[in-house]
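For reference, the structure discussed in these notes is given below.
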Amino acid sequence: MARATIAEASPDRRVKSSGGGRTHIFDSLRALAQPADRKLLGLDPILKVLIPALVILSLGVVAVIRIDSLKQDFIASQAEAELTLQNLAVAVAMGINNHAANNPLGDAGEILSEVLPKGALRQGRRFYLTEADGKVVGFAARQASQTQPATLDAEIGTNQPLTILGASAGVLRLHPTEDSDILATVHHLDAPYASLAVVQPHKDALAAWRSKRTQDVLIFIAMTLLSLVLVYSFFAQSARAHEADEIYANAYKRQEMALVHGRSGLWDWDVTSGTLVWSSSMSALLGYTSSDGRKDFRFSMDELNELMHPDDPSLYELQAQLLASPDTGFDTQLRLRHRSGEWLWLRLRGELVESEAGARQLMGIATDITEQKLLAENTRLADIRLRDAIETTSEAFVLWDNRNHIVMCNSNYRNLHKLSVDDVTPGTPYEVISAKSNPDIISTTPLPDDTSAPGARTYQITLADNRWLQISERRTGDGGFVSVGTDITDLKRHQEKLIEDEKQQAILIRDLSAHRQKMQTLASELVILADQHAREKEKAEAANNAKSEFLANMSHELRTPLNAIIGFSEIMRSGIFGKLGSDKYVEYCDDIHESGTFLLAVINDILQMSKIEAGRFQLDFEQVPLHDIVRESIRVVSVEVMNKDLQVTINGDDEINMDADRRSMKQIMLNLLTNAVKFTPEGGKISINMKASDYMMQLSITDTGIGIPEDALKKLGMPFEQVQNQFSKNHNGSGLGLAITRSLVEIHQGRMMIESCEGKGTTVTIMMPLVQMAELDENAELSA
């Protein structure tokens, strides 16, 4: 139907053109729709196959060579390890035989250590010196964690030919257990020893070979990666070259065909055949390319109608409208579906032409106007959003044009001036609106304006409902002005509150000034008190030094006669020069000896306490096994323990070693044990618990003795303090034992804690560092 209409249209409405001109235009569009063939270089396909093959072949050859080399190196490394093991065994065996001949009674371990060559223990090698019954009497290894086995069979396994054949068996690879793999050789020795065994883990013997193997693997991986990078670079470069050729060809065609339209395309509609041809730029605009299965961009009218929006007129309708119009040119807008499914707005402009041969063509250009359409829609939405924003704002807003006619306002402005919607119709003059407005304004106060814009002003109004508004008016660029009224009621009330706060601050400042004067007076008094305290401190230190000197002199003067008293009483009660006669004399001598010994112990405690307080007590730090100190102290009090039938138990780690002064540690332990034994009734229990963390040692002594009252715990451990209750009145003491113990613990950088329940027992806990801080600082300086 459409084709009949076109055929019957008046020839006068069509633009005629020469056959050559029409053919030239049609051929040009045909050339635009048919891109030139892209030719690849002839060698590219061959190189793309040949280069990866050569790389793979090269890597394979390198891999075969390196694997063969690693096998040869493995054999050589194992032979070298066996030869080294054999030579070391021969050298050490000769040394042991010579040493045994000169000193047959020497220690086996020392002999083995002396004859070992330098570096013999490297790479995990271990040496075993055995007797005739297979017992290991000498052992040497580099790792301190390895311990000496009882017999050689435990190391290399039972019924081994090595132990029978000796050196003639050479070096054998053994598997004494499922997870062990060793190289071993045994050499027989002269008496008094039977044999020397040298053992080396197989993995340690081949450590150098494994390291080389790892290096070879890493090098091969690096070569492989480098080869892959080179192959990738070749393909990438080839792809870039092809892409550059294609870009150049397209740019050349577009330049020749004068297609330099942005977002546009040329099209040629053959009305007679009903086909449409368009340029590649038009196809790209719609998302179609030559790779979609078309040799050229030709579409039938039915195919093109499927791309058109259903709300827009079809191609047949456009043809009919154009042919029915006296004008041969046309300009219309429609939507076509992009290949992705989106709709594009296109502006079609063209003209109907006819060649001398009678062929009718619609030719023209299509321009993408989607962005303009979107911009128009976004502008419309922005206007709506702007009106909504102005309407929802809390300020009263109004905009006037350069003729003082209203453009727009919000409801807050209408409510303020008591205007209806009809009163503020856009275009209404300012004078008309002012005559209708009736705001409840009590007063108006002009405010200084920070801007220098002409026509700008700011003023404040007070409303009848006790609200304040600040009105700001500014001129617009086109000569109009905008007025914004902001509710400043909260701000005004806040200002009034600030004024009141300033008054309160002034009162507070006066109070602070008076307080500051008082504090300055107190500071002066504190300075005076500090001076007095310093003077009193100097007096106290002088008195303490005098006390220490007096105690030292007194102790020296008292110990001299006490030694004579103790000595003579010992001679008299032992009857060295004969019997005293009466048994009472012996009893008196015992009392004299016991009292003198007790007094001497008290004097020694006083002297030691004075040294500690004066800071003259010297410590000799060394590695002290805590378990030995505990057992030595228990032996000292063992007689009293047995007499009272006490049960003493030791719990905890037996391998605690610490930096400490041995004499002080023993005194600490004796003082605590003596107190525990002294105050524990017969048949009681004493428990000693030891444990250590990474840096600290903790020792606790718990007894089931008489306990300590809670009010006495605070002063316990102070010099000359004793706890007296119904259970402890018969126990003598100077009261310095715990004080000395606490002081010795503290100078070891530790602390002592006492927990007790009266009538149930006491627990004394001391915590001391395993390594003294002075030693840590020294080690840090050495390592730095």
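The values are calculated or read from the model by the stated rules, or taken from the named source; none is laboratory data. Nothing here was measured: the structure is a model prediction, and the numbers come from that model. For neighbour counting, all protein chains shown are included, and Cβ atoms are generated from backbone atoms with ideal geometry for every residue, glycine included.
Can you name every one of the strands (runs of 3 or more DSSP E) wholly within region 617-679 that holds 2 or more residues which are modelled with pLDDT of 90 or more and closer than 23 Å to Ile747 by Cβ? Please lay out each step first, then the result.
Numbers: elements: 621-625, 647-652, 657-661.
Ranges flagged: 621-625, 657-661.
Tell me the residue from Ser574, Ser610 that is modelled with pLDDT of 75 or more and not assigned by TED's automatic domain parsing to the domain that holds Ser687, please. Write out each step before concluding.
Values: Ser610 fails: modelled with pLDDT of 75 or more.
Being modelled with pLDDT of 75 or more and not assigned by TED's automatic domain parsing to the domain that holds Ser687 holds for just one of Ser574, Ser610, which is Ser574.
List the pairs whose first member sits in region 673-698 and is under 12 Å from Ile766 (Cα atoms), whose second member is surrounded by 15 or more Cβ atoms within 10 Å (Cβ to Cβ) and not hydrophobic (A, V, I, L, M, F, W, C), and whose Cβ atoms are under 7 Å apart, counting only residues at least 6 apart or on separate chains?
From residues that are under 12 Å from Ile766 (Cα atoms), the pairs are Asn689/Gly652; Asn689/Ser700; Met690/Gly652; Lys691/Gly652; Lys691/Gln698; Met696/Pro769; Gln698/Thr765.
Does region 254-270 hold any residues that are at pLDDT below 70 and not small (Gly, Ala, Ser), and which are they? Before you say what the answer is, go through the steps one by one.
Let us first name the residues in region 254-270 that are at pLDDT below 70, namely 254-262.
Within region 254-270, Arg254, Gln255, Glu256, Met257, Leu259, Val260, His261 qualify.
Considering only residues of region 404-414 that are assigned to a helix (DSSP H, G or I) and in contact (Cβ under 8 Å) with a residue 12 or more places away in the chain, which is surrounded by the fewest Cβ atoms within 10 Å (Cβ to Cβ)? Before you say what the answer is, go through the steps one by one.
If we filter region 404-414 for residues that are assigned to a helix (DSSP H, G or I), which is where we start, we get 411-414.
Of the ones still in play, those that are also in contact (Cβ under 8 Å) with a residue 12 or more places away in the chain are 411-413.
On the way: Ser411: 15, Asn412: 21, Tyr413: 23.
Top of the filtered list is Ser411.
What number of residues within region 147-197 satisfy the criterion of being assigned to a strand (DSSP E or B) and modelled with pLDDT under 80?
Residues that pass the stated criteria total 0.
Considering each of Ser513, Ser569, Ser483 in turn, give the residue that is small (Gly, Ala, Ser) and in a strand (DSSP E or B).
Ser483
From the list Val624, Val636, Val648, exactly one residue is within 29 Å of Lys760 (Cα to Cα) and crowded, with 16+ Cβ neighbours inside 10 Å. Which is it?
Numbers: Val624 fails: within 29 Å of Lys760 (Cα to Cα); Val636 fails: crowded, with 16+ Cβ neighbours inside 10 Å.
Answer to the selection: Val648.
Let's see how each residue does on (1) crowded, with 18+ Cβ neighbours inside 10 Å; (2) aliphatic (A, V, I, L, M); (3) not assigned by TED's automatic domain parsing to the domain that holds Ser283:
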residue	(1), (2), (3)
Asp312	no, no, no
Thr328	no, no, no
Arg339	no, no, no
Leu352	yes, yes, no
Ala359	no, yes, no
Ala382	no, yes, yes
Arg385	no, no, yes
Trp400	yes, no, yes
His417	yes, no, yes
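Can you tell me which condition Asp653 does not meet? The list is (1) touching a Gly at 6+ places or on another chain (Cβ under 7 Å); (2) free of Cβ contacts under 8 Å to residues at least 60 places away in the same chain; (3) closer than 26 Å to Gln772 by Cβ, and all the others hold.
The failed condition is (1).
Of all residues in region 740-774, how many are part of a helix (DSSP H, G or I), among the acidic types (Asp, Glu) and touching a Ser or Thr at 6+ places or on another chain (Cβ under 6 Å)? It would help to see each step written out before you state the result.
Step one: of region 740-774, the residues part of a helix (DSSP H, G or I) are 740-747, 773-774.
Okay, now just the ones that are also among the acidic types (Asp, Glu), so 746.
Applying the additional criterion that residues be touching a Ser or Thr at 6+ places or on another chain (Cβ under 6 Å) yields none.
Counting residues in region 740-774 that are part of a helix (DSSP H, G or I), among the acidic types (Asp, Glu) and touching a Ser or Thr at 6+ places or on another chain (Cβ under 6 Å) gives 0.
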